[in-house]
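**Student:** Take a look at this one; I'll ask things after.
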Amino acid sequence: MRTLKTSEAAGMLNVSANTLRAWERRFDYPKPQRTAGKHRVYVHGEVAALRDALRDGLSISSAVSRARESLRSDTHILVGALASFEIERADGAMEAALAMRSVERTVEEVLLPSVAELARRSGTDSAAWAIGSRWAIEWIRRAHRMTPPPVRPGAILIVDATADELDPDATTVRALELFTGRTGIRVTSVPVANHSGVADLVESLRPGVVVLAGRHANDESIARFAYAVRAAAGSLPLAFFHRGDAEVSRTSAVHQLPVSPSEATAQALALLDGHAAPVRFTERSSS
Amino acid sequence: MSTHGSSALRIIGSPAPAAAGPRAVFCGHCAKTPPGGVAPEVGSRVCVSCGLGLLLEAPEALAPKPRDAFLVVDRSLSVHALSKRAEKLLGLREIDALDKRITDLLVGADAEAAGPHHLSALLVAAAAGADDVTEAVVRPADEFGVRFAARIGPCGPTPGALVVLDLG
């Protein structure tokens, strides 16, 4: 998901940063996310939708309302289809969304928010979640199968630390596999529990980065896998993705990838190219 | 098809547009005029004074002043904007009035009017771009005994109708 700093969002809308904050208070839109440093970042799609709506609006309120509607329509259809177990209609909603967006944007702006909304609305113990989550993962896998074979040098090993297909993080981790695969590098995913024989895998794949993705597996399992990788391949860049408030030791050098799969992909590629410096944790997380 | 002589087909000019009077630019929320009072460029229509309204254009005789109570509606008579004073007067915020029909908020209260839909007809004509500024007497939809004189006319650039209440 592409994000904008406050100054970039304000520039795109031709308003001041103060006005953006006034809109946030009054309309709760555009609603910024917060970086680790508590800075506001705005979702590009939200700002672009508002810019378009402002162009021929009669008031800020009506422009905000239109912007919200335009963003929700595809998500509404998809959530509605999944909540009512209409898989064909869900496929149709994705087809329609693909007509307006790239695969990455479709996944990030429509599929992932819809799955999150389904989890919020129905709960992850519901039948709707079971059907919807599996459908979403299958959709991403289908898209992955249509990805051309790797053409770029380099490989990424994704260590899957999610529980199963019903794990709320599973869809996002599959999205990361898809996005990284679509960049043309070789991507292989292996469950964290399957650390036996990792040396052979590493020897065959020769990954430049190892991404530990998901928060279900405990730190001990993660550490065991990381040890096996390092024993086989020496010091490789390690990165966490959707690992939550992971605790790492004082001496660890580990990269925290952004929560957005597209941003995480960009950062993983930078790691692969040796352009990104690791985030060094100087103290244990207090949370 | 044959033509006979030059008088059979001829190009005639469009009717001359009605002479548009001077226009004023104002914020659709606080009614302040932008610096220089000039029409904004596309893409920079947000009021720099309050940041909560878009800059609109209307005939000078109609354009509201700061502290006026006014409403902006579109061609379907749905409310798009309410000034701060109109919010107080009608007892609802702009965001809650959004997409309500103006007739849910204001109704005609003019015994001399030409029928129950007189107010709607004036608003539709204004939103369609009629240049005239008309006057009507209105009252809040759920209140009796309170009447306001209202000026009604077109506003833009997106076609809409502006209702300015004269609170005396």
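Throughout, read-outs are computed from the coordinates displayed, never taken from laboratory work. From a predicted model like this one, the values you see are computed outputs, not experimental measurements. So basically every Cβ, Gly included, is an ideal-geometry build from the backbone, and we count neighbours across all protein chains shown.
**Student:** As a test of the definition: which semi-axes, in Å, follow for chain A when you take the square root of five times each eigenvalue of its alpha carbon gyration tensor? Largest first, please.
**Tutor:** The three semi-axes for chain A are 34, 23, 18 Å.
**Student:** Which FRET efficiency, nearest 0.05, do residue B:141 and residue A:270 yield, Cβ-Cβ r, R0 45 Å?
**Tutor:** 0.15
**Student:** Can you tally the net charge around residue A:106? Count Lys and Arg as +1, Asp and Glu as -1, for every other residue whose Cβ sits under 13 Å from the Cβ of residue A:106. If you can, show how the numbers build up before the last one.
**Tutor:** On the way: positive: A:101, A:105, A:142, A:182; negative: A:74, A:91, A:95, A:104, A:108, A:109.
Net charge in that neighbourhood comes out at -2.
**Student:** Kindly rank A:186-192, B:154-160, B:88-94 from highest to lowest mean number of other beta carbons found within 10 Å of each residue.
**Tutor:** Details: A:186-192: 18.4, B:154-160: 20.3, B:88-94: 16.9.
The peptides rank, most packed first, as B:154-160, A:186-192, B:88-94.
**Student:** Rounded to the nearest 10 degrees, what's the angle between the helix A:87-100 long axis and the longest principal axis of chain A, both from Cα atoms, 0 to 90?
**Tutor:** Tilt of helix A:87-100: around 80 degrees.
**Student:** Can you pull the semi-axes for segment A:8-62, root of five times each eigenvalue of the Cα gyration tensor, sorted largest first, whole Å? Display every interim value, and only then the final one.
**Tutor:** On the way: eigenvalues 76, 27, 19 Å².
With the √(5λ) rule applied to segment A:8-62, the semi-axes are 19, 12, 10 Å.
**Student:** Give me the distance between the Cα centres of segment A:181-213 and segment A:1-59, rounded to whole Å.
**Tutor:** Their Cα centres are 38 Å away from one another.
**Student:** For the residue pair residue A:124 and residue B:128, what label-to-label distance in nm results when each label sits 7 Å from Cα along the Cα-to-beta-carbon direction?
**Tutor:** Here the modelled spin labels are 5.8 nm apart.
**Student:** Please give me the summed charge of the neighbours of residue A:27: other residues whose Cβ is under 13 Å from its Cβ, Lys and Arg +1, Asp and Glu -1.
**Tutor:** Values: positive: A:21, A:25, A:26, A:31, A:66, A:68, B:93; negative: A:24, A:28, A:46, B:94, B:96.
Net charge in that neighbourhood comes out at +2.
**Student:** Now a separate question. Kindly give the semi-axes, whole Å and largest first, of the ellipsoid equivalent to segment B:42-113, taking each as the square root of 5 times a Cα gyration tensor eigenvalue.
**Tutor:** Gyration-tensor ellipsoid for segment B:42-113: 22, 15, 13 Å.
**Student:** Here is a further query. Remind me, relative contact order of chain A in percent, using alpha carbon pairs under 8 angstrom and six or more residues apart?
**Tutor:** Relative CO of chain A lands at 13 percent.
**Student:** Provide a whole-number value for the mean count of partner chain Cβ atoms within 10 Å of the Cβ atoms in peptide B:48-59.
**Tutor:** Details: counts 3, 0, 3, 10, 8, 4, 9, 0, 2, 0, 0, 0.
What the average comes to for B:48-59 is 3.
**Student:** How large is the Kirkwood hydrodynamic radius of segment A:150-274, counting all unique pairs of alpha carbons, in Å?
**Tutor:** Numbers: mean 1/r = 0.0702 Å⁻¹.
Taking the inverse mean of 1/r over all distinct Cα pairs, segment A:150-274 comes out at 14.2 Å.
**Student:** Let me ask something else. Length gain on complete extension for the stretch residue A:70 to residue A:204, per 0.36 nm per residue less the alpha carbon to alpha carbon distance?
**Tutor:** Length gained, residue A:70 through residue A:204: 43.6 nm.
**Student:** Could you work out the mean count of beta carbons from other protein chains within 10 Å of each residue's beta carbon in A:61-70? Please list the in-between numbers first.
**Tutor:** On the way: counts 16, 14, 4, 2, 4, 0, 0, 0, 0, 0.
Averaged over the peptide's residues, the number is 4.
**Student:** Taking the 0 to 90 degree range and rounding to the nearest ten, how far is the long axis of helix A:219-233 tilted relative to the main principal axis of chain A, both from C-alpha atoms?
**Tutor:** 60 degrees
**Student:** Just tell me how shielded B:76-83 is by partners: mean number of partner chain Cβ atoms within 10 Å of each residue's Cβ, no decimals.
**Tutor:** 3
**Student:** When we measure straight from the Cα of residue A:31, which lysines land under 30 angstrom away, once same-chain ones fewer than 8 places off are left out?
**Tutor:** A:5, B:32, B:84, B:88, B:100
**Student:** Now, a different point. Using the 4.7 Å Cβ rule, please list in number order the cysteines from the protein assembly as shown without any candidate partner.
**Tutor:** Isolated Cys, the protein assembly as shown: B:155.
**Student:** How far is helix A:17-27 tilted off the main Cα axis of chain A, in degrees rounded to 10, range 0 to 90?
**Tutor:** The angle comes out near 80 degrees.
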